[in-house]
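Participant: Can you read through this structure? Questions will come right after.
The values are calculated or read from the model by the stated rules, or taken from the named source; none is laboratory data. Just so we're clear, the structure is a prediction, and the values are computed from it rather than from any experiment. Heads up, the Cβs are rebuilt from the backbone with ideal geometry, glycines too, and the neighbour counts pull from every protein chain shown. For the accessible areas, the whole protein counts, side chains as well, though only heavy atoms, and no ligand, DNA or RNA atoms are used. Shrake-Rupley method; radii C 1.70, N 1.55, O 1.52, S 1.80 Å.
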Amino acid sequence: MESKLPEESTFQRMRDRIRLSYAQKLFLLATVPLVLAMAAISLLVAVQARSLADREIAELENRLIAAKRTELKNYLAIARNAISKDYGRALPDDEGAKERVIQTLAAMIYGQDGYFFVYDYDGNNLVAPRQTELINSNWSRLADSAGTPIVDELITIARRGAGYHSYLWHKPSTGEEAQMVSYVVGLQDWRWALGTGIFIDDVLETVAAARSETEARVHETFLWIAGITMIALLLVFLSGLWLNIRERRLADAKLKALTQRIFDTQEEERGRVARELHDSISQILVSVRYTLELARRRLRTGDDRAEENLDMGITALGGAIQEVRRISRDLRPGVLDDLGLGPALQSLIEEFGNRTGLTVEFETVVFRNRLDQDAKISLYRVAQEALMNIERHAEASHVSLRVFGHKGGATLRIADNGRGIAAARAASGQSLGLGLRNMQERIEQLDGTLRIMSTRTGTIIEAQVPLTHMLAPESGTDGPKSGHGSATERKSA
């Protein structure tokens with residue numbers, strides 16, 4: 001096990017080193033599909049371009065060879081017209097006519113390499129004016145360098161009447177082997193194969209040039225696609241960079257605004273605590289001090305009313321203690337940590353009803369699951385902020401608070417019959433947005449939703465936290481046991 005620790009730590013370091021940031025993941029998410037799409041388009045364009053080019057080149061080659069074959073037939077027609085007077089009137093054994101035909105054909109040469117050839121059906125060459133070394137020799141088994149039979153195939157075609165044959169043959173002008181197409185007809189009375197051939201190396205060069213041009217176009221298309229891809233990637237990068245800078249600036253602005261709101265909230269809370277300490281605790285303690293000083297003077301003089309002053313001081317100290325507890329409870333209610341959200345909200349709305357004299361109603365459904373600490377604090381603060389706004393601005397006579405769990409999470413619902421947010425804002429001339437923004441931000445931090453529905457006849461604030469903030473109940477806690485009590489509590493005051 002100890003020998004594996006260095007490998008595991010190295011693997012951990014490598015994994016940490018290649019861990020991508022959010023911006024890098026976003027850039028890859030934008031660029032990888034683009035690169036794959038461009039690669040697929042490039043492959044498709046290349047395949048389609050090559051397929052189309054192959055068809056066009058094959059068609060070009062067929063047209064050129066067809067033109068060559070037509071040319072061969074025309075040449076051979078000229079040759080037959082030239083020998084028709086001698087061949088048409090001669091008998092099969094007319095040696096004189098044969099000699100005249102051989103001389104006529106031997107004299108008929110055209111172009112740089114064109115001529116007519118004659119083989120008898122036994123394979124003997126009779127006419128080859130540009131390659132005289134072939135004359136009077138038997139070439140019945142002659143084949144080209146690729147193994148294609150030449151003379152035997154020409155004789156076979158002549159026996160059938162006429163046809164074409166393609167093979168490799170030494171070009172008279174260069175002495176090098178080149179592709180040749182021959183057209184041969186049979187002079188059946190004399191058992192001769194008369195034909196002529198034409199070299200198609202110019203056709204092959206034209207086809208090769210067309211194929212090379214096609215490859216160049218495909219390569220150029222690839223370069224264009226690659227250039228477009230690079231431009232697109234650059235645009236994506238620049239757009240992402242611009243969005244990143246913009247979002248960072250917006251985030252900085254929001255962070256500054258949030259920080260300022262936090263400072264404002266802190267100052268407001270400190271001001272509220274300072275006012276409450278000054279208006280309630282400070283006055284009570286001053287009253288206690290004067291009462292105790294009066295009791296001390298009466299004790300010195302033996303006045304019997306000193307005990308009455310002591311009782312008044314003790315009573316005032318009790319009120320001060322209650323005020324300290326109330327302020328402490330507003331800052332951080334201990335019942336929220338000790339007993340949970342339901343009892344804390346019940347204590348909050350009961351104290352609200354006692355303080356304001358409004359009719360309040362509280363309803364809670366016992367949770368099968370427990371809310372986590374963040375959700376409890378946020379829902380409690382939302383309720384506290386909402387009740388504070390109702391007390392200051394709503395002019396309501398009835399307030400209801402309901403909290404319950406469901407399959408989607410937990411919901412807190414506060415409703416009043418006041419004049420609504422718009423009317424309260426218009427009447428007071430103050431902005432009520434800070435408290436509502438605080439509620440909204442608290443719930444958004446929990447991935448929850450906050451809905452505010454306000455009319456002239458009342459306001460409903462509904463905060464919902466998702467199921468992810470519900471914890472599994474501990475055994476024997478949270479929730480009534482079977483057959484004991486009700487799952488709903490109502491409290492009216």
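Participant: Please work out whether segment 347-389 counts as rounded, prolate or oblate from its C-alpha gyration tensor, where a ≥ b ≥ c are the square roots of the eigenvalues and a/c under 1.5 means rounded, while otherwise a/b larger than b/c means prolate and anything else oblate?
Facilitator: The shape class here is oblate.
Participant: Give, in nm to one decimal, the length gained when the segment between Glu177 and Arg275 is fully stretched (0.36 nm per residue of separation minus the Cα-Cα distance).
Facilitator: Numbers: separation 98, 0.36 × 98 = 35.28 nm, distance 11.34 nm.
Contour length minus Cα-Cα distance gives 23.9 nm.
Participant: Full extension from Leu285 to Glu350: what is 0.36 nm times the residue separation minus their Cα-Cα distance, to one decimal in nm?
Facilitator: So the chain would gain 20.8 nm between Leu285 and Glu350.
Participant: Using a 1.4 angstrom probe with every protein chain in place, what is the largest-first accessible-area order of Val203, Val273?
Facilitator: Sorted by accessible area, descending: Val273, Val203.
Participant: Something else about it: Mind giving me the nanometre distance, one decimal, between the label points for Asn136 and Asp122, set 7 Å out from Cα along Cα→Cβ?
Facilitator: The two pseudo-label positions are separated by 1.5 nm.
Participant: May I pose another question? Can you put Thr468, Thr459 in order of accessible area, largest first, using a 1.4 Å probe?
Facilitator: Sorted by accessible area, descending: Thr468, Thr459.
Participant: Where the convex hull is taken over the Cα atoms of segment 237-289, what is its projected area averaged over directions, in nm²?
Facilitator: 3.5
Participant: Give the accessible surface of the chain per residue, rounded to a whole number of Å², with probe radius 1.4 Å and ligands, DNA and RNA excluded.
Facilitator: 61
Participant: Which order, highest average first, do 210-222, 337-349 follow once you tally other Cβ atoms within 10 Å for each residue and take the mean per peptide?
Facilitator: 337-349, 210-222
Participant: Further, regarding this structure: For the chain, what does -39500 (n - 2.57) per DSSP helix run (n ≥ 4), summed and divided by total residues, give at 222 nm, in deg cm²/dmol to the nearest 500?
Facilitator: Working: 12 runs with 284 residues, N = 493.
It lands at -20500 deg cm²/dmol.
Participant: Related question: Based only on Cα atoms, what Rg/Rh ratio does segment 308-390 have, Rh being taken as Kirkwood's radius?
Facilitator: In segment 308-390, Rg relative to Rh is 1.08.
Participant: Please sort 156-162, 416-422 by packing, taking for each peptide the average over its residues of neighbouring beta carbons within 10 angstrom, highest first. Display every interim value, and only then the final one.
Facilitator: Details: 156-162: 15.0, 416-422: 20.1.
Going by the mean number of other Cβ atoms within 10 Å, highest first, we get 416-422, 156-162.
Participant: Looking at Ala396, Leu126, Tyr115, which one has the Cα that reaches farthest to the positive end of the dipole of the chain (charges on Cβ: Lys, Arg +1; Asp, Glu -1)?
Facilitator: Ranked along the dipole, the leading option is Ala396.
Participant: Calculated FRET efficiency, Trp242 and Arg381, Cβ-Cβ r, R0 51 Å, to nearest 0.05?
Facilitator: After rounding to 0.05, the efficiency reads 0.85.
Participant: Which order do the peptides 142-149, 250-257, 379-386 come out in when sorted by mean C-beta neighbours inside 10 angstrom, highest first? Could the numbers behind the result be given before it?
Facilitator: Details: 142-149: 12.8, 250-257: 10.2, 379-386: 21.5.
Those peptides, ordered most packed to least, come out 379-386, 142-149, 250-257.
Participant: List the pairs from Lys73/Lys98; Lys254/Lys407; Lys73/Lys171; Lys68/Lys171 whose alpha-carbon separation is above 24 Å, in the order I gave them. Let's see the in-between values first.
Facilitator: On the way: Lys73/Lys98 22 Å; Lys254/Lys407 34 Å; Lys73/Lys171 20 Å; Lys68/Lys171 16 Å.
Violating the 24 Å limit, Cα to Cα: Lys254/Lys407.
Participant: If you average the sequence gap of Cα pairs under 8 Å that are 6 or more apart and divide by the length of segment 52-130, what percent do you get for the contact order? Walk me through the intermediate numbers first.
Facilitator: Values: 50 pairs, mean separation 13.7, N = 79.
Dividing the mean separation by the residue count of segment 52-130 yields 17 percent.
Participant: With both partners inside the chain, how many of the DSSP beta bridges are antiparallel, as a percent to the nearest 5?
Facilitator: Of the beta bridges lying entirely in the chain, close to 90 percent run antiparallel.
Participant: Note down the nm distance, to one decimal, between modelled labels 7 Å out along Cα→Cβ at Asn62 and at Ile314.
Facilitator: With each label point 7 Å from Cα toward Cβ, the separation is 12.2 nm.
Participant: Given a 1.4 angstrom probe, I'd like the percentage of the accessible area of the chain that is carbon and sulfur, rounded to a whole number.
Facilitator: The value for the chain is 55 percent carbon and sulfur by accessible area.
Participant: With Rg/Rh (Cα atoms, Kirkwood Rh) defined as stated, name the option among (1) 0.95; (2) 1.55; (3) 1.05 computed from the structure displayed.
Facilitator: Checked against the structure: label (2).
Participant: For Arg451, what accessible surface area do you get with a 1.4 Å probe? Give it in Å², rounded to 10.
Facilitator: 120
Participant: Also, I was wondering about something else. Divide the volume of the convex hull of the Cα atoms of segment 246-359 by its number of residues and quote the answer in cubic angstrom per residue.
Facilitator: Spelled out: Cα convex hull of segment 246-359, divided by residues, is 160 Å³.
Participant: Relative contact order for the chain using alpha-carbon pairs under 8 Å, separation at least 6, rounded to a whole percent?
Facilitator: Working: 597 pairs, mean separation 47.0, N = 493.
Dividing the mean separation by the residue count of the chain yields 10 percent.
Participant: Taking Cα pairs under 8 Å and at least six residues apart, what relative contact order does segment 301-386 come out at, in percent?
Facilitator: 25
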